[in-house]
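Note sheet for the following structure.
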Amino acid sequence: MERADYERLRWRCIRRALLELDIVLTRFLDNGFDQLDEEQQQAFVELADWEDHDLWRLISGQEETRDPRYAPIVARLRKS
Amino acid sequence: MSIPVLKFDAVIVGAGGAGLRSAIQLSEAGLKTAVLSKVFPTRSHTVAAQGGVAASLGNSEEDHWHWHMYDTVKGSDWLGDQDAIEFMVRKANECVVELEHYGMPFDRTDNGKIYQRPFGGHMSNFGEKPVRRSCAAADRTGHAMLHAMYQRNVKANTQFFVEWMALDLVRDAEGHVIGVTAMEMETGQVVIFHTRATIFATGGAGRIFYSSTNAFINTGDGLGMAARAGIPLEDMEFWQFHPTGVAGAGVLITEGVRGEGGILRNSSKERFMERYAPNAKDLASRDVVSRAMTTEINEGRGCGVNKDYVLLDITHLDPNTIMKRLPGIREIGLQFAGVDCIKEPLPVVPTCHYQMGGIPTHYSGRVVVPHNGDHNSIVPGFYAAGECACASVHGANRLGTNSLLDLLVFGKSAGDSAVEDLKSGKAHRELPKDAADKSLARIAALDSRKGGANVHETRLAMQRTMQTHAGVFRFGDLLKSGVEKILEVEKAARQLEITDKSMAWNTARTEALEMENLIEVAKATMLSAEARKESRGAHVRDDAPDTPEFPNGRNDQEWLKHTLFNSADNSITYKPVTMQPLTVEPIALKTRSY
């Protein structure tokens, strides 16, 4: 990922509407994101674009995703 | 250095509830309006508000704005201005109905009216019995509100500048506010927004505390800019705290956990609430529980390496009960404390939640400062609304669900006032040649400084100082030493260094600029709190206890007044509380008890 794209993504992860997501997404960027392949990174970029409440329900296990592209990322976020 | 100038009738800084509500008034009046936001509008912290918005619609049972006014004045511990409070509660119904017409999906009764829920502190007939006054959209009230207002703004042609950070107010030689400087994050370019009206709606600054429920975005940017421009900050000693945030993270643990049988314990596993509230124990009111927790920590009975938290224990509860009755709590424990609350207790601390003080405003939304003997002299061209402003309707403690009401009423009011002030069609005032110099110098200093202070470490030092010395329960000696410490942190915050010098998406620079705002708020809070030698509302001092002469430690003879903190010389002045409402008799002083 280009530096500017990564830094844009970083800003969109460290300044969320919900504190829960600030913490989880920042942690994941610092420890886990660079282990994803290009396609997985793109899936994470899409997830980061979700509405905060929807994304938090997913990460906190109150919802599940059937999308095979998102499921492994969500599993990692839950453990991050 | 020549930098681009963008001319607008009005610029609004912040795209949360108050900013979006202001923008609707301006754009629908045909004014060319810009809204600057660090994030996409629907990612503002207003999204986190779940409780609802207060309005005495009387849809579920009889209610009246005068009863709502009484609850608000009492909640404020009589520090709220009664003219502003009457203004707000009387505008509530109109603002809620307008929002409904914008498309807000409020919960409804069977007959199609807006459904109203009960909420703590909402009472009928001047404190007699609970009344259902809160209007909500499931548990996503703030989120739904932002979406409805954003769409309305798009329709009205409001121009959004997303992922832009405002840097400084621009004032001319006569003190008129004529715009802001701002930085586009994508390019690092600094631009002047040259305007006839500037509205701040930048939200709170809860990130000054180590433990805060606020999202990372709440860095008090508007307060920092105002303070640097010579505007005093009002009543900054008053912050609302929640007793149980996850230690180190701030994420809220609902009070329902104690309701289901959760027990607070200290380092010797003692159920300490039995000593502080023998009857209610862990179910005592928020302030009593928070104070007890702080006392345990301050007296060395906290847990962990730093002995800086207590434990919330639910390991004795049936795991099925936890999963069924407290959904999401186990996940919060696992994610933010690394603790499975079924097997181990959760580390918790009293956690900052809401800022009552802010930029001093009249209820019209116009910013007011002391000048030539007038306590409330208008700063021409400058308006503020929402959590960054102090109207003052929350006084020393905010009534639940009045925060969303505040941003609707005063967002609209600030917008209306700007429209009215611009009606005369006066031209833009001349931009001083040095309009952007201060902002450019701040950025240049960050980029060039060698051997300066690290942003992360400085922020942490500030947050720990605030938490220890000016937390939910305050001690005279700790406040005194806190003043010294925060002034030391301020020195570091004025000497920040960043290693990344790039222009595009330089988050290190943005965080350094945020830190320069946070420290203004932290300093104002600490010095204002040290100076106020009474207990009132959310400001509770150990050395101002409950006595027959001063019930709850409140001393109206000396301290029924608003604090105004001036950053330039760290001085404090005071101004009277407005006790006279607009049309009704004043709500007379009495002891606040529930």
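Read-outs throughout are calculated quantities, based only on the coordinates presented, and are distinct from any laboratory measurement. What you see is a predicted model, and the numbers here were worked out from it, not measured in a lab. Here the Cβ positions follow ideal geometry from the backbone for every residue, glycine too, while neighbour counts run over all protein chains shown.
As a proxy for reagent exposure, B:Lys523, B:Lys426 were ordered by neighbouring Cβ count within 10 angstrom, fewest first; the result is B:Lys426, B:Lys523.
As a check on your grasp of the helix formula, calculate [θ] at 222 nm for chain B: sum -39500 (n - 2.57) over DSSP H runs of n ≥ 4, divide by the residue count, round to the nearest 500.
Helix contribution divided over all residues of chain B: -10500 deg cm²/dmol.
Legend: residue pairs B:Lys561/B:Lys590; B:Lys480/B:Lys533; B:Lys281/B:Lys590, Cα-Cα distance threshold 19 Å; pairs beyond threshold, B:Lys281/B:Lys590.
Using only the alpha carbon atoms of region B:243-282, find the Kirkwood hydrodynamic radius as the inverse mean reciprocal pair distance, in angstroms to one decimal.
It works out to 11.1 Å.
Based on alpha-carbon atoms, the Kirkwood radius and the radius of gyration of region B:166-308 give Rg/Rh equal to 1.16. Here, region B:233-307 has an Rg and a Dmax of 13.2, 42 Å when only alpha carbons are counted. Region B:235-306 and region B:460-535 have Cα centres lying 24 Å from one another. Here region B:121-199 and region B:345-359 have alpha carbon centers that stand 22 Å from each other. For B:Lys113, the lysines whose Cα falls under 24 Å of its own Cα, not counting residues fewer than eight places away in the same chain, are B:Lys91, B:Lys129, B:Lys412.
Quick check on region B:526-594: take the gyration tensor over C-alpha atoms, sort the square-rooted eigenvalues as a ≥ b ≥ c, and tell me if it's rounded (a/c under 1.5), prolate or oblate. Note, shape of region B:526-594 comes out oblate. Scattering from region B:121-163 was approximated by placing one identical point on each alpha carbon and applying the Debye formula without solvent; log10 I(q)/I(0) at 0.28 1/Å stands at -0.95.
Beyond 11 Å, the tail of the calculated P(r) for region B:1-43 holds 65 percent of the Cα pairs. For region B:511-545, the residues whose backbone nitrogen is under 20 Å from a point 7 Å from the Cα of B:Asp477, taken along Cα to Cβ, are B:527, B:529-535, B:540-545.
Sorting B:243-249, A:29-35, B:323-329 by average packing, meaning the other beta carbons within 10 Å per residue, from highest down gives B:243-249, B:323-329, A:29-35.
Annotation: average projected area of chain A is 4.6 square nanometres, based on the convex hull of Cα atoms across all directions.
With the convex hull drawn around the C-alpha atoms of region B:459-594, the volume per residue stands at 167 Å³.
Going from the fewest other Cβ atoms within 10 Å to the most, the residues A:Asp49, B:Asp63, B:Asp421, B:Asp235 appear in the order A:Asp49, B:Asp421, B:Asp63, B:Asp235.
Restricted to Cα atoms, chain B shows a radius of gyration and a Dmax of 23.2, 70 angstrom. Taking every DSSP bridge with both residues inside the protein assembly as shown, close to 65 percent are antiparallel. Over the Cα atoms of region B:1-156, the radius of gyration divided by the Kirkwood radius equals 1.04; this is the Rg/Rh ratio. Applied to region B:353-363, the Karplus parametrisation 6.51 cos²θ - 1.76 cosθ + 1.60 on θ = phi - 60° returns per-residue 3J(HN,Hα) values of 10, 8, 9, 7, x, x, 6, x, 10, 7, 5 Hz, with x for Gly and Pro.
Sorted fewest first by neighbouring Cβ atoms within 10 angstrom, B:Tyr574, B:Tyr210 come out as B:Tyr574, B:Tyr210. The peptide list A:59-72, B:3-16, B:504-517, put in order of mean Cβ contacts within 10 Å with the highest first, becomes B:3-16, B:504-517, A:59-72. Within region B:387-480, the GluC sites (Glu not before Pro) that combine a DSSP coil assignment with at most 12 other C-beta atoms in a 10 angstrom radius are B:Glu430. In this Cβ point-charge picture (+1 for Lys and Arg, -1 for Asp and Glu), the protein assembly as shown has a dipole of about 200 debye about its Cα centre. For B:Lys501, a cut-off of 24 angstrom between C-alpha atoms picks up these lysines, skipping any fewer than 8 places away in its own chain: B:Lys38, B:Lys438, B:Lys450, B:Lys491.
Close amide-amide hydrogen proximity is noted between B:Ile12 and B:Ala34, B:Val35, B:Leu36, B:Ile199, each under 5 Å apart and 5 or more residues distant or on a separate chain (H modeled in the peptide plane; Pro and chain starts excluded).
Take each residue of peptide A:19-29, count the partner chain Cβ atoms within 10 Å of its Cβ, and average: the result is 5.
Binning all Cα-Cα separations of region B:423-508 at 5 Å, short to long from zero, yields these whole-percent fractions: 3, 12, 15, 14, 12, 11, 10, 9, 7, 5, 1.
I'd like the antiparallel share, as a percent to the nearest 5, of DSSP beta bridges with both residues in region B:11-145.
That works out to approximately 75 percent antiparallel.
Count Lys and Arg as plus one, Asp and Glu as minus one, and take only other residues whose Cβ is under 13 Å from that of A:Gln62; the net charge is then -3. Annotation: Cα Rg of region B:179-231 relative to the compact-globule expectation 2.2 N^0.38 Å equals 1.33. Selection among B:Leu233, B:Pro551, B:Ile192 by position relative to the dipole of chain B gives B:Ile192 as farthest towards the positive end (Cβ unit charges, Cα centre). I need the P(r) histogram for region B:219-270: all alpha carbon pairs, bin width 5 Å from 0 out to the longest distance, whole percents. Here the calculated profile for region B:219-270 is 4, 14, 14, 17, 12, 10, 10, 8, 7, 3, 0.
Length gained on full extension, B:Asn125 to B:Glu260, computed as 0.36 nm times the residue gap minus the Cα-Cα distance: 45.5 nm. Counting only other chain Cβ atoms within 10 Å of each residue's Cβ, the peptide A:8-15 averages 6. Annotation: Cα Rg of region B:332-410 relative to the compact-globule expectation 2.2 N^0.38 Å equals 1.66.
Just counting partner chain Cβ atoms within 10 Å, what average do the residues of peptide A:71-79 show around their Cβ?
The per-residue average across the peptide is 1.
Let me know the volume per residue of the alpha-carbon convex hull for the protein assembly as shown, in Å³.
162 Å³
Taking the alpha carbon gyration tensor of region B:257-357, multiplying each eigenvalue by 5 and rooting it gives semi-axes of 21, 16, 15 Å, largest first.
Starting from the Cα of B:Ser502, move 7 Å in the Cα-to-Cβ direction to define the label point; list residues of region B:180-215 whose amide nitrogen is under 19 Å from there. Under 19 Å, as judged by backbone N against the label point of B:Ser502, lie B:183-190 of region B:180-215.
Here the dipole of region B:59-209 is about 300 debye; that uses its Cα centre as origin and unit charges on the Cβ of Lys and Arg (positive) and Asp and Glu (negative).
The mean sequence separation of alpha-carbon pairs under 8 Å and at least six residues apart, normalised by the residue count of chain B, gives a relative contact order of 21 percent.
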